[in-house]
Amino acid sequence: MAMPAIDIKIEEEDPCEEEGDNSLKTDKTRGSKKSHECVCCGHVFSRGSDLKCHMRIHTGEKPYLCEECGKMFTRRQDLNNHLRIHTGERPYTCEECGKTFAQKTALTTHIRTHTGEKPFMCEECGRQFGSAAQLRGHMRTHTGEKPYTCESCGKEFRHQCNLRRHKKIHLGLRPHKCDICNKAFSQRSSMKLHMHTHSTEKPYSCELCDKQFGHVENLKKHKKTHTGEKPHSCDECGKKFSQLSNMKRHKLTHTGEKPYMCIICGKQFTQNVTLQAHKKKHTDVMPYM
């Protein structure tokens, strides 16, 4: 659809040069003679310069280029914030704990972890959050939206950070190593869970058989062996499983999908554990006993 012509008289300098909050302030009083309304989405701004900057959202214009990585931005201030990723500059410091941040907005969000302030509330369930970004991510649990898709296997995710972690599985990357036995993991959380195998401390006890566990998640999985609970069902054949991971692994037998690829020879596998065993053939490393 063609965008309506827009005639706005404003200053010649770039309207997005100003420091401040990343979100432009709108004028709720639409009857004001000074208001400027976006013909695309109806947002109203008190200044024509703010409207011109806002229009870049619709036009896709990104005139500010990072010379380091080629990423482009709508506002100069957004480019300046981004450049700190390359320079390592973190000029904003939390007075409470000393943690530093590249952006003022990140510091503001962090401070709320100390104050307990959660000004952003979900209208669906009433849950509150410390930042607008956290609320947006949470809202996807209600809408079912999963905007981040893995190019290798098509799996979808609600959060970009989860997609990044998932991609390491396909690449065979295991950057997190156990300090005790050097076993490597693709995710830090998996490595931390593994660390409990080295500790003699097992604070989680099963009330039915007194078996003890180092991690609460392992206790939860164990309890299902007593109840016989199998809440995860394959929608292809109806087979049920006590753990979601086992059900997902089973479904690959129906699809024939092999999402785990050896980066050395290109051979593909249904399970990550099979890929890891295969990779040892290339390195001539004996399996862990």
How many times 2.2 N^0.38 Å is the alpha carbon radius of gyration of region 184-265?
1.39
Return the whole-Å distance between the Cα centroid of region 44-103 and the Cα centroid of region 215-253.
45 Å
How would you classify region 37-106 from its alpha-carbon gyration tensor, with a ≥ b ≥ c the square roots of the eigenvalues: rounded for a/c under 1.5, else prolate if a/b is greater than b/c, otherwise oblate?
oblate
Estimated FRET transfer efficiency when R0 is 41 angstrom, pair Cys125-Cys66 (beta carbons, to 0.05)
0.60
Compactness check, region 90-143: C-alpha Rg relative to the 2.2 N^0.38 Å globular estimate gives 1.28
Starting from the Cα of Lys281, draw a straight line to each of the lysines and keep only those under 16 Å, dropping any in the same chain fewer than 8 residues away.
Lys267
Along its three principal axes, how long is the chain when you only count alpha carbons? Whole Å, largest extent first please.
74, 47, 44
Helix 160-171 versus the longest principal axis of the chain: what is the Cα-based angle in degrees, 0 to 90, to the nearest 10?
40 degrees
Pairing the Cα long axis of helix 48-59 with the longest principal axis of the chain, what angle in degrees results, from 0 to 90 and rounded to the nearest 10?
40 degrees
Taking 0.36 nm per residue of separation and subtracting the Cα-Cα distance, what length does fully extending Arg84 through Ala133 add?
15.6 nm
Taking the simple approach of a point 7 Å from Cα along Cα-to-Cβ for both Lys146 and Gln243, what is their distance in nm?
2.0 nm
Pairs Lys71/Lys177; Lys202/Lys224; Lys223/Lys280; Lys202/Lys280; Lys167/Lys192; Lys118/Lys248: which exceed 24 Å Cα-Cα?
Lys71/Lys177; Lys223/Lys280; Lys202/Lys280; Lys118/Lys248
Could you please report the charge total around His232, scoring K, R as +1 and D, E as -1 over all other residues with beta-carbon less than 9 angstrom from its beta-carbon?
+3
Taking Cα atoms only, helix 104-115 is inclined relative to the longest principal axis of the chain by an angle, in degrees rounded to 10, of 60 degrees
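Rule-based calculations on the coordinates, nothing more; no lab input. For clarity, every value in this text was computed on a predicted model and none was experimentally measured. Backbone-built Cβ (ideal geometry, glycine too); neighbour counts: all protein chains shown.
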